[in-house]
Every structure is written in structure tokens, then in C-alpha cells.
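Have a look at the structure below before the remarks.
The values are calculated or read from the model by the stated rules, or taken from the named source; none is laboratory data. Note that the coordinates shown come from a computational prediction; the quantities given were computed from them, not determined experimentally. Note that each Cβ is placed from the backbone with ideal geometry, even for glycine, and that neighbours are counted across all protein chains shown.
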Amino acid sequence: MGSVSDWQTVRMADEPAGTEHPDLPSVVGAPTVDLPDGYRYGVTRYADLILREAFPDRFRELVATLDEYRIEVNELLSGGGGRATHTARFDATLERYGWGKRNISISRHIDGKPLHVTKGHEIDMFAQQSEDDPYPGIGVEMEWNNKDPFYDRDLLNFQALHHEGALAVGVIVTRGPALQALIGPTVKSGASAKGTKYGQASTHWNKLIPRVNLGGGGECPLLLVGIEPERVEGIELIQLAFDDGTTVY
């Protein structure tokens, strides 16, 4: 089994297919701006530069939120059934800066007559460009432990809103590859549970990247954030079980 020092090796071994052309703007590549440690990052279409240069206040708020974010190991072990406490805490930090949930409706008119009205999926956290000029804004979705088709919903929503000029950059935060490699086979939902809590069919980095590289999100610039073990306080408990080939709950 691995150890804490092997997390970087896990990242390399679990690299999803489709990243052999990182210089193409539509393919997930590494960011070129400074971002907090303890995460795996990916960008398309210069999303990180757009955030830093065109939305400096929003960029600082997002960086501050990522820097503050921590997960307690007992939050990884506690039962599911609702939004995880640490994901709610992430949203609450952004809310302190004025971000909030947002449903955006888009309508088309011809000669003043409504032709079509579309209501997008509610975005977890949305920040306006400014009070006087709210659009395009920045959208953040936290996909911690949902079924992986939730990515398709988020990416389609980002694509549509960007096409209509309502969204400048879409951000998706999820489990990183090293964290998934560690907790995937190790954490169970309970003593009698047959499967593990963080299965391969749920939302994690290696389910997200191939979708984006195949065109998910369209032309919307994306910042992808994978939460890694360094962000979990007390991760050593899970590491010991992983090394022993046992499970915890």
C-alpha cells in the first residue's frame, strides 16, 4: 500500500486519458496563476487568467475561500443523506463575500414578442461582475459525492449560460485523484455496508476530466479544483487503514 508521501505518485498514476495535448485551450491543462496548496487544478480556455485579470475581486475571494477550506476526518466518515457539512461551510465562506445561489432565466424575443424562455439549473454559488453590471458573472459548483452524471448537468448549464453572455467562468470543485485513491476503497458508510462510501461511479476528478476533454462545457472557460488529502485534518486515520488493507466507517 501507499503512504502519505506517495500522494504525488498517485496523482501521476491516475492521470485520466485525454491529457496528452495540454496546450490546446479546450483541453484541461495546468493553471498559470498562483493558487492555494492542497488541491489539484485544471483549466480550460485561460479561465485562471480571466479570473485574475478581469475579475480581480472575485478571484481574491475564491482564493481566500480555497485557502481557508478544511475538512475534518470525521466529516468524511459521517453518514450521508444531505449536503455535507464541509461543503456547506465552503458555500458559507463565499456567501460572506456576497456570493449566493442563482437561477438565471434567458428569454428570446422577436419584435417584442417572447419566442423562447429557458431557466437554467440553480448554481450553487454565483458572483455578479458588479452591482451595476451583474453579467457575465462567475459560477461555482461543489460536487463532493453525487452520481457522476451531475457533472453533465453542471457543464451543460455552464455552456448555455456562457453562450448567452451570463457566465464568464465556471468553477467545479470535487474530490481530487489522490484523495479518491485513498478514501475510495477505504471508507464505508457503516459496519454493515457492502460497498464503500466514495465509489468510482460518484463525482471525483477522474470522472470529470474526460468529460471536459470531450467537449463538456462547450466554450465556457473552466477552472477545475480537486480536493486532495492535504486539506483533510486527521487524514492519517484513513491512511493507516489504507496501508493495512482495512476499512473505516
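Being farther than 15 Å from P56 by Cα, surrounded by fewer than 24 Cβ atoms within 10 Å (Cβ to Cβ), over 12 Å from the mean Cα position of the chain (by Cα) and without any contact (Cβ under 8 Å) to a residue 24 or more places away in the chain is a description that applies to D132. Of the listed requirements (1) in a helix (DSSP H, G or I); (2) over 26 Å from P210 (Cβ atoms), T87 misses just one: (2). Just one of (1) buried (at least 23 other Cβ atoms within 10 Å of the Cβ); (2) assigned to a helix (DSSP H, G or I); (3) within 14 Å of the chain's Cα centre (by Cα) fails for R153. It is (1). Within segment 226-241, being among the hydrophobic types (A, V, I, L, M, F, W, C) and surrounded by 23 or more Cβ atoms within 10 Å (Cβ to Cβ) holds for I227, V232.
So in segment 178-223, with the set limited to residues that are assigned to a strand (DSSP E or B) and free of Cβ contacts under 8 Å to residues at least 60 places away in the same chain, which one is nearest to N74 (Cα to Cα)? If we take residues in segment 178-223 being assigned to a strand (DSSP E or B) and free of Cβ contacts under 8 Å to residues at least 60 places away in the same chain, then T196 is nearest to N74 (Cα to Cα).
Within segment 87-103, residues that are of a type outside the set (S, T, Y) sit with their Cβ atoms under 6 Å from residues that are surrounded by 13 or more Cβ atoms within 10 Å (Cβ to Cβ) and part of a helix (DSSP H, G or I), at 6+ positions apart or across chains, in these pairs: L94/T65. The condition of being exposed (fewer than 11 other Cβ atoms within 10 Å of the Cβ), modelled with pLDDT of 95 or more and not in a helix (DSSP H, G or I) holds for only one of D23, D37, that being D37.
Going by what's in this entry, would E141 be described as farther than 22 Å from I71 by Cα and either in contact with an Asp or Glu (Cβ under 7 Å, 6 or more places away or on another chain) or part of a loop (DSSP other than H, G, I, E, B) (or both)? In short, no.
Residues in segment 64-82 that are part of a loop (DSSP other than H, G, I, E, B) and without any contact (Cβ under 8 Å) to a residue 60 or more places away in the chain: S78, G81, G82.
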